Amino acid sequence: MTITFILNGEDVSAKVRVPDRLSDVLRDGFGLLGVRSDCRSGRCGRCLVFLGGSLVPSCLVPAFSARGKEIVTIEGYAQTDDYADIVAGFADAGVETCGFCEGPKIMVAAALLERDPRPAPLTIIEHMSAAPCRCTDPDSLVKAVQAVAERRANRIYRRAGQ
Amino acid sequence: MIYVQTVRSPVARGSVRSISFPKLPAGYRSILPADIPGRNGIVSFGAEVPILAQDAISYAGEPVALLAGPDPLRLEELVAETKVLCDSVEPFLCWESFSSEQVAVKRLATTGDPELAFSIASSVLEATYTSGAIEHYYSEPQGAAAAYDYDKIAIWSATQWPYHVRDSVALALGCKAQEVSVRPMKLGVHLDGKLWYPSLLSCQAAVASVVCGRPAKILLTREEDFLYSPKRARSSVSVRSALGRSGELTALDIRIAINVGAYAPLAEEILSQAVLVCAGAYACPNLRVEGYAVKTNTPPMGAFGGLGASHSLFAIEAHANRVAQAIGEDPADWKSRNVLRKGSLLLTGEPIKEETPYEALLAKVAAASDYRRKYAGYELVRKRRSGRSDGPIRGIGISLAYQGAGPFLSGEASNSYTVEATLNKDLGVRILTSAAAGAGGVVEVWRQSAAEILGVDLEKVAVASPDTDQAPDSGPSTLSRNVSVVNRLVLRACEAVQKRRFRDPLPITARSVHRVPKPIKWEGGQVSGAPFDTVAWACAVVELELDAATLEPRPLGVWLCVDGGKVVSPDRAKSALRASVADALGTCLAERFEPGAGSDPSAYFRYGLLPLNRLPPISIDFLEASGKEPVKGIGELPFDTVPAAFLAALSQASDSALSSLPVPAATILKAMEIL
């Protein structure tokens, strides 16, 4: 079947089969290599995307169910001001990821900050477990998300003041 | 591009009778051992692992055939429809007690006169400590891709050992090594899980590519990777100790059994390392150790955050804590009396050349954690407690270990470390090494070392891709060897360039090759040689609380102090150590599984990293280094120290003698009831 959806701000269409996973369609069909499909069971967090505004593991989403919805992958999110805040905040806190989990961690931080602009350390830690990896120490992640929140707040205040 | 998927053996031990493939659509084909143009096996440290099992099956899930085709989903279906009929034989699964045909490697060493020391000892204490299998949970599952690139076959794989991939593929294809070009991909966090296994997958991809005449890619799913790739080997270490009248350690009798699974590809190295450090940080004049690497019919087991030392260090530290408790002494004091000092002899007969930093480490870590007061307080509570408490109960434990870093002790990898540095006309520096840097900022350490020696800006120093076509063989890369051995070669190569700098015209290129001054030799129950280039020390304290109702341990804090020589980037090193402490705690609280005779997919779903919200505050500190100390490998120290400290804390809180991690609540309850 052919489905249409909005991918990173653009109207697109794709031919999908019933068993196709959204992660495979995004990766193989659209070349979005930031969507990794490692565990295929929703545990590793490497394939997180925003689907209709919610953060979901795309390996567990049947591709056909994306019909008519809006999908944002890390490649699309990287075009936003919010992404720049997060990357800068991570750098401020000295977070050095292995590279493989950086996208998912950014997506998780984005989803968290969308819901809670000033998250408590425990909330940050709980959410960051959605992108498990051995590479980053938890203290740095807390500092990083707090630094992002600070940056984001400053940006919004600056805009409001203009 | 074609995809490759693996047809696996359904039995743990036996032989293949037949393989029936379904009718394959056009563009799909099967690959059997007979299709391999060269040798059907990869060689690692003297052991050979078949690319596709032909005559004998050694573990459930062993590759017996490959299916290649353009659609991975269709391939999944075809693999599921393939029937593998095997003649099954009773598998070897026991390893703590084992038959002689299971012994892959044996190591014996004796110093002093242990028999006499035990016969006159004031007290003797004996216990056995076990370590479980641990999944590396690396950043990305294992995989490889292969394709012809003009007259060469190119391999893309995330590997710690590019030259091993090159040589293995050349053997498998029956071509010259120079006809294979390995282009290593980003490794991420590997924890020594990508040493030899990528070579196996690279051979499978290369064979598929040659047989099908198209670029081929094999990528394991997380589940396949979990079930069939190497994990940390399981171990059982029995320690019998003799004490003198004042509680001093006079003799040790240690027996190490390491379950290395099928084929035992890293057995020699893992066992050698485990045996060499079996006495841990303690001076012991009379020592007898026997070590066995035991083969079983489970997937090949391997290294994890170090190559075997952590098995022994966990056991000896757990035992030291138990000895101190048995004689009613604070473990920190007992350790202080028995620790290796300047002049103490190691198992190899080599004397310790410098004063060991235990006192300084202890002072720092004890002050930070308030260890002395807490230990005395919790001991008092433990002794006065009768039966199970209603409220949470606490414990605190301390452990000490050293990490030796140097080249591998065994096998073909021992002497193959080379680094090349070039100073170009634009004063840019190019470092060439096949050492693949994982996460942890190793490349920054190399760049900084080169920049300092040659007096150029950091931005001018580049580390080239570890492609085997251009980079010299720098041996198998592990985190500690990258920091110690490879960094030293970078320094030496840059020093050689600097010497010629104003004498010869630019560009100037120099190579530095590592020579092992005193290789390890095992002869007639004696071991000699200098195994390590650098030795780093650490002391850890873990405090925890045991829920009286659920008996679930909850760590309250971890304090780690490290003597790591010159620390190039303290913030980065602290962050990396904190992440490793979190991983080490995960192995104490959550991560364990028991590979058995069959593939148990549910094991994969039961296994997971410790959720970050279960981690306590983690404090990392360094001893100040004197000016000329070298950069030392420190990445393994959390795995060497934290589990033993955790076990000591848990034993104190539960007032029981525990000997393995993680400990299920039922085991704690049983141990508490026995006592």
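Residues whose amide H falls under 5 Å from that of B:Arg8, counting only those 5 or more places apart or on a different chain, are B:Val64, with hydrogens built in the peptide plane.
Within 10 Å of the Cβ of each residue in B:215-223, the mean number of Cβ atoms contributed by other protein chains is 2.
Only Lys, Arg, Asp and Glu count, each charged at its Cβ (+1, +1, -1, -1), so figure out the dipole size of segment A:59-131 about its Cα centre, rounded to 20 debye. Kindly include the intermediate steps, with their values, before the conclusion.
Numbers: 5 positive and 11 negative charges, 70 e Å.
Value, rounded to 20: 340 debye.
Highest mean packing first, where packing is the average number of other Cβ atoms within 10 Å per residue, the peptides B:528-534, B:582-588 line up as B:582-588, B:528-534. In summary, the lysines within cross-link reach of B:Lys460, defined as a Cα separation below 17 angstrom excluding same-chain residues under 8 places away, comprise B:Lys425.
Since only B:Val442, B:Ser651, B:Ala146 are under comparison, the one whose Cα sits farthest along the positive direction of the charge dipole of the protein assembly as shown, derived from C-beta charges on Lys, Arg, Asp and Glu, is B:Val442.
Given 0.36 nm per residue, what is the gain on full extension from B:Arg606 to B:Glu354 after removing their alpha carbon distance, in nm?
Details: separation 252, 0.36 × 252 = 90.72 nm, distance 4.65 nm.
Length difference between fully extended and current span is 86.1 nm.
Cross-link partners of B:Lys335 among lysines, defined as those whose alpha carbon lies under 20 angstrom from its own and excluding same-chain residues fewer than eight positions apart: B:Lys353, B:Lys364, B:Lys374.
Structure remark: mean-square fluctuation, Gaussian network model of chain A, C-alpha springs under 10 Å; the largest value among A:Pro104, A:Pro132, A:Pro57 belongs to A:Pro132.
Which of the helices in chain B, when you take each full DSSP H run, stretch at least 24 Å along the axis at their Cα atoms and have an average Kyte-Doolittle score of 0.0 or higher? Don't skip to the end; give the middle numbers.
Numbers: long enough: B:309-326 (25 Å, 0.17); B:570-589 (28 Å, 0.15); B:637-654 (26 Å, 0.98).
Length and hydropathy pass: B:309-326, B:570-589, B:637-654.
With a 10 Å cut-off around each Cβ of B:186-196, the average count of Cβ atoms from other chains is 2. With θ taken as phi - 60° and the Karplus curve 6.51 cos²θ - 1.76 cosθ + 1.60 applied, the whole-hertz 3J(HN,Hα) list for segment B:182-193 is 9, 10, x, 9, 4, 8, x, 7, 10, 6, 6, x Hz, x standing for glycine and proline.
Qualifying chymotrypsin sites (Phe, Trp or Tyr not before Pro) in segment B:118-174, where qualification requires a DSSP coil assignment and no more than 14 other C-beta atoms within 10 Å, comprise B:Tyr150.
Peptide A:135-144: average number of partner chain Cβ atoms within 10 Å per residue?
Numbers: counts 11, 8, 14, 9, 10, 5, 1, 1, 0, 0.
So the per-residue partner count for this stretch is 6.
Compute the FRET efficiency between B:Ser465 and B:Asp426 as 1/(1 + (r/R0)^6), taking r as their Cβ-Cβ distance and R0 = 25 Å, and round to the nearest 0.05. The calculated FRET efficiency here is 0.80.
Using a Förster radius of 51 Å, what is the FRET efficiency between B:Ala326 and A:Ala120 based on their Cβ-Cβ separation? Nearest 0.05, please. Mind dumping the intermediate values first?
Values: r = 45 Å, r/R0 = 0.87.
Once the sixth-power term is evaluated, E becomes 0.70.
Expected output is a single nm value to one decimal: the length gained when fully extending between B:Ala549 and B:Ile19, i.e. 0.36 nm times separation in residues minus the C-alpha distance. What is it?
Net length gain for the segment: 185.4 nm.
Working from label points 7 Å from Cα in the Cα-to-Cβ sense, the A:Ile156 to B:Leu73 distance is 4.1 nm.
Over the residues of chain B, the helix contribution to mean residue ellipticity at 222 nm works out to -9000 deg cm²/dmol, using -39500 (n - 2.57) for each DSSP H run of at least 4. Legend: calculated FRET efficiency, B:Tyr150 to B:Arg384, from the Cβ-Cβ distance at R0 = 60 Å, rounded to 0.05, equals 0.15. Amide H contacts of B:Gly302 (H built 1.01 Å from N, in plane; Pro and chain starts excluded): B:Lys231, B:Arg232, B:Ala233 sit under 5 Å, all sequence-distant by 5 or more or on other chains. Its Cα centre serving as origin, chain A has a Cβ charge dipole (Lys and Arg +1, Asp and Glu -1) of approximately 300 debye. Between B:Ile668, B:Pro33, B:Cys284, the Cα set farthest toward the positive side of the dipole of the protein assembly as shown (charges on each charged residue's Cβ, about the Cα centre) is that of B:Cys284.
Picking from B:Pro611, B:Thr159, B:Ala538, whose Cα lies most toward the positive end of the charge dipole for the protein assembly as shown (charges on Cβ: Lys, Arg +1; Asp, Glu -1)? So the residue furthest toward the plus end is B:Ala538.
Fewest neighbouring Cβ atoms within 10 Å first, the residues A:Arg115, B:Arg384, B:Arg501 line up as B:Arg384, A:Arg115, B:Arg501.
So for each of B:49-58, B:313-322 I average, over its residues, the number of other beta carbons within 10 Å; can you give me the resulting order with the highest mean first?
Values: B:49-58: 20.8, B:313-322: 26.8.
Packing proxy ranking, top to bottom: B:313-322, B:49-58.
Under a 5 Å amide H cut-off, with hydrogens placed 1.01 Å from N, B:Phe593 pairs with B:Ala133 among residues at least 5 apart or on other chains.
Can you give me the angle between helix A:102-115 and the longest principal axis of chain A, using Cα atoms only, in degrees from 0 to 90, rounded to the nearest 10? Compared with the principal axis, the helix lies near 70 degrees. Identify all lysines with a Cα-Cα distance to B:Lys521 below 17 Å; exclude those on the same chain that are fewer than 8 residues away in sequence. The reachable lysines, counting only those whose Cα sits under 17 Å from B:Lys521, are B:Lys106.
The numbers here are math on the coordinates, done by the rules we state, and not lab data. Computed from a predicted structure; not experimentally measured. FYI the Cβ positions are ideal-geometry reconstructions off the backbone, even for glycines, and counts take in every protein chain you see.
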